[in-house]
Amino acid sequence: MKTRHLLIAAMLGMTAVPAWAGDIEPGQWKSTSTIQGDNIPPGMPRESTDTECISAEEARDLEAAVRKNFTNEGCEVVQSSRDGDTISYQFSCQGQGGAMEARGSTTIQDSRHMTSTMTTSYAGDDTELAMATEDEWVGETCEE
């Protein structure tokens, strides 16, 4: 169960960072994520808010930012593609307690607003969690 908690935490971090959306404004972004599912680990918040500084390079290079975001978390990107304003992705992460598979998409609503959805499942378990994330641009200057 502890490994599942760590994998979900990694998943939250990955979607809370709107680095993979091309055609967005660089600067400070606020992300609000909501998790739904029957087996959310104890202590894992159903809703979380995070801020992240997005560089100009991350804001304009969609594919590189997606892969970097997931691989930095120790995951393997199985697939990523872009169709218009939507990027779809699938990745897998291996932990001590087993593997997690996830699939999702991020849609650019405009240069200062994005929405994402992600569904995760675990090897040897029928638990499935769904996450929705709303990303909003806060401003040009990043708070450190």
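Number of residues in the stretch 94-104 that are at pLDDT below 90 and buried (at least 21 other Cβ atoms within 10 Å of the Cβ): the value is 1. Looking across the stretch 65-79 at every residue that is without any contact (Cβ under 8 Å) to a residue 60 or more places away in the chain and either exposed (fewer than 14 other Cβ atoms within 10 Å of the Cβ) or in contact with a Lys or Arg (Cβ under 8 Å, 6 or more places away or on another chain) (or both), the one that is farthest from Thr120 (Cα to Cα) is identified as Asn72.
Screening the candidates Thr107, Thr119 for the property of being in a strand (DSSP E or B), touching a Ser or Thr at 6+ places or on another chain (Cβ under 6 Å), surrounded by fewer than 21 Cβ atoms within 10 Å (Cβ to Cβ) and on the phi < 0 side of the Ramachandran plot yields one hit, Thr107. Inspect the stretch 40-56 for any residue being closer than 16 Å to Gly104 by Cα and not charged (D, E, K, R) and give the result as yes or no. For the stretch 40-56, residues closer than 16 Å to Gly104 by Cα and not charged (D, E, K, R): absent.
Is it fair to say Asp135 is buried (at least 16 other Cβ atoms within 10 Å of the Cβ) and either at pLDDT 90 or above or in a loop (DSSP other than H, G, I, E, B) (or both)? Yes; evaluated as a whole, the condition is true for this residue.
Among the residues of the stretch 80-93, just one is closer than 9 Å to Thr106 by Cα, at pLDDT 90 or above and crowded, with 17+ Cβ neighbours inside 10 Å, namely Tyr89.
Tallying residues that are in contact with a helix residue (DSSP H, G or I) (Cβ under 7 Å, 6 or more places away or on another chain) and over 19 Å from Gln79 (Cα atoms) within the stretch 102-128 yields 1. For Tyr122, indicate whether it is of a type in the set (Phe, Trp, Tyr) and at pLDDT 90 or above. No, not satisfied.
The values are calculated or read from the model by the stated rules, or taken from the named source; none is laboratory data. Here the structure is a predicted model, which means the values were calculated and not measured. Positions of Cβ are backbone-derived with ideal geometry, glycine not excepted, and every protein chain shown enters the neighbour counts.
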